[in-house]
Amino acid sequence: MSQKVLLNATEVNIALHRLACQLIENHDNFSETVLIGIQPRGIFLAERIKLLLETSYKVKNIELGYLDITFYRDDFRRNDKPIEPSTTNIDFIIENKKVVFVDDVLYTGRSIRAALTAIQSFGRPLEIELLTFIDRRFSRHLPIQPDYRGRQVDAINNEKVKVCWKENDGLDAVYLINN
Amino acid sequence: MSELSVKHLLGIKYINKDDINLIFETADHFKEVINRSIKKVPSLRDITIANLFFENSTRTRLSFELAEKRLSADVVNFSASSSSVKKGETLIDTVNNILSMKVDMVVMRHSNPGAGIFLSKHINASIINAGDGAHEHPTQALLDSYSIREQFGEVAGKNILIVGDILHSRVALSNIFALKKLGANVKVCGPKTLIPKHITSLGVTVELNLKKALEWCDVANMLRVQNERMDISYFPTTREYTQQFGLNKKILDSLDKEIIIMHPGPINRGVEITSDVADSKQAIILNQVENGVAIRMAVLYLLASKLQKNEY
């Protein structure tokens with residue numbers, strides 16, 4: 001197994017600032033917008049973006065929820081073992097809000113497909129956008145593309161892209177792992 | 001994620017502590033789901049479930065059906081009173097006929113102890129026991145323990161009292177298995193005639209005085225007297241039973257602590273429990289019913305994930 005650094009901590013930080021600025025361009029003061037971190041790994045990115053918007057760009061009162069998609073996945077009974085569910089916590093109304101899904105890696109698009117179904121249980125959003133830190137090109141199974149991307153990556157199927165966050169993994173970095 | 005160690009849920013006796021905890025953790029997530037405005041998830045959309053009720057039921061049947069529908073399964077219902085069982089069809093024939101219609105899971109209630117176990121040896125579907133005679137009622141025990149866990153954070157070390165008709169109660173037996181596996185202390189209380197002779201071999205203690213038993217416990221689970229299963233008289237009169245083993249406000253107020261009151265339903269108000277107790281804040285009877293749907297969703301989901309995967 002070999003691993004290559006795709007982005008180091010400085011590059012991660014630059015990309016995060018750019019994503020935060022792009023969000024402000026489209027969502028102004030976030031009064032009609034909510035962020036939804038996709039469990040399990042999207043929540044670290046969502047929290048980081050929220051923190052950055054609040055501290056560096058003085059955007060206040062950003063609503064952030066967590067969405068677990070386990071029960072909406074299309075691979076139930078197709079995997080060897082069931083996937084462990086995480087917590088869903090959306091304690092605000094999403095009806096007629098602009099929802100931004102936040103996830104770390106966009107690969108086949110199947111998770112986002114599940115998230116699009118799952119979010120309907122909470123109401124009818126005005127629109128849904130997708131922010132993803134890593135966009136793996138040429139690997140989509142479904143017609144789903146991000147609206148905001150940190151970095152586009154070409155990786156072949158047996159390679160894995162891992163996004164590490166300081167609060168969870170000790171440092172900010174993105175690795176390409178070759179099995 | 002770990003899996004259940006079993007393919008069927010036939011009784012608490014046949015599952016282990018890890019299975020119970022896995023069911024509880026999964027039920028936590030489903031409890032959040034059933035409190036959303038849209039209470040449905042698509043997980044079991046390609047699964048068909050038959051509810052076979054050879055014995056009467058209101059709560060369990062509704063609860064299973066809701067759980068199945070909230071997981072998006074296709075559901076067929078069957079009750080013995082309106083079926084060919086009356087014409088002399090055997091259990092295996094009835095079930096095999098239903099399975100030929102491509103049913104993946106069977107939820108069954110039957111008046112004969114061991115009916116589920118018998119069936120599991122003869123058919124290919126996943127079987128969930130929804131009560132077999134005076135033997136076991138595993139999902140009821142799971143939801144009871146889950147409700148206790150919800151109140152106290154854990155079940156281990158808690159003193160749980162089961163009062164009433166222990167002899168005929170499948171709820172009592174399943175509860176004893178579940179509570180002991182989770183590390184609780186269990187005591188049973190009731191007329192001596194309604195307490196099985198060797199019950200202490202299950203690791204429970206017996207107390208014939210209700211007041212003393214209540215003083216010991218953190219939770220009292222009040223059972224119904226199952227007149228329909230009694231072929232002889234086990235106590236002189238219902239009035240005398242109520243005087244000795246009925247839970248009322250007076251006896252609760254005389255305790256020096258506040259205990260949690262549970263009841264698996266259906267309640268015979270004024271017999272094993274008075275209305276003011278059943279409707280008091282200490283009673284978590286309706287919480288039990290709510291938790292029942294989440295627990296049954298968890299059981300169905302976890303068993304469905306173990307169904308053969310080569311059918312696509």
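The values are calculated or read from the model by the stated rules, or taken from the named source; none is laboratory data. Please read all numbers here as calculations on a predicted model, not as lab measurements. All Cβ positions, glycine included, derive from the backbone under ideal geometry; neighbour counts span all protein chains shown.
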inquiry  = Being at pLDDT below 95 and within 22 Å of B:VAL76 (Cα to Cα): is that true of B:GLY133 here?
reply    = no
request  = May I ask you to list the residues in the range A:67-85 that are more than 18 Å from A:LEU116 (Cβ to Cβ) and more than 7 Å from every other protein chain (Cβ to nearest Cβ)?
outcome  = A:ASN79, A:ASP80
query = In the range A:40-56, what count of residues is obtained for those that are surrounded by fewer than 21 Cβ atoms within 10 Å (Cβ to Cβ) and either without any contact (Cβ under 8 Å) to a residue 40 or more places away in the chain or of a type outside the set (Lys, Arg) (or both)?
reply = 8
ask   = Within the range A:57-73, which residues are touching a helix residue (DSSP H, G or I) at 6+ places or on another chain (Cβ under 8 Å) and surrounded by fewer than 14 Cβ atoms within 10 Å (Cβ to Cβ)?
value = A:TYR57, A:LYS60
query = In the range B:62-72, which residues are part of a helix (DSSP H, G or I) and either within 14 Å of another protein chain (Cβ to nearest Cβ) or under 18 Å from B:LEU303 (Cα atoms) (or both)?
reply = B:SER63, B:PHE64, B:GLU65, B:LEU66, B:ALA67, B:GLU68, B:LYS69, B:ARG70
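Yes or no, residue by residue, for (1) exposed (fewer than 12 other Cβ atoms within 10 Å of the Cβ); (2) within 23 Å of B:GLU150 (Cα to Cα); (3) under 26 Å from the mean Cα position of the chain (by Cα):
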site	(1), (2), (3)
B:LEU214	no, yes, yes
B:ASP218	no, yes, yes
B:ASP231	yes, no, yes
B:THR237	yes, no, no
B:THR242	no, no, yes
B:LYS250	yes, no, no
B:ILE267	no, yes, yes
Residue match in the range B:98-109 (condition: buried (at least 17 other Cβ atoms within 10 Å of the Cβ) and either touching a Gly at 6+ places or on another chain (Cβ under 8 Å) or assigned by TED's automatic domain parsing to the domain that holds B:ARG149 (or both)) = yes
Members of the range B:1-17 that are free of Cβ contacts under 8 Å to residues at least 60 places away in the same chain and within 14 Å of chain A (Cβ to nearest Cβ) = B:MET1, B:SER2, B:SER5
key: Breaking point among (1) more than 14 Å from chain B (Cβ to nearest Cβ); (2) crowded, with 17+ Cβ neighbours inside 10 Å, for A:THR108   = (2)
key: Of all residues in the range B:27-53 being among the polar types (S, T, N, Q) and more than 8 Å from chain A (Cβ to nearest Cβ), the one that is farthest from B:ALA130 (Cα to Cα)   = B:ASN35
remark   = Apart from one, (1) part of a helix (DSSP H, G or I); (2) surrounded by fewer than 15 Cβ atoms within 10 Å (Cβ to Cβ); (3) in contact (Cβ under 8 Å) with a residue 12 or more places away in the chain all hold for A:ILE14; the odd one out is (3)
query = Say we look at the range B:76-105 and pick out the residues that are of a type in the set (D, E, K, R) and assigned to a helix (DSSP H, G or I); which of these is modelled with the lowest pLDDT?
reply = B:LYS86
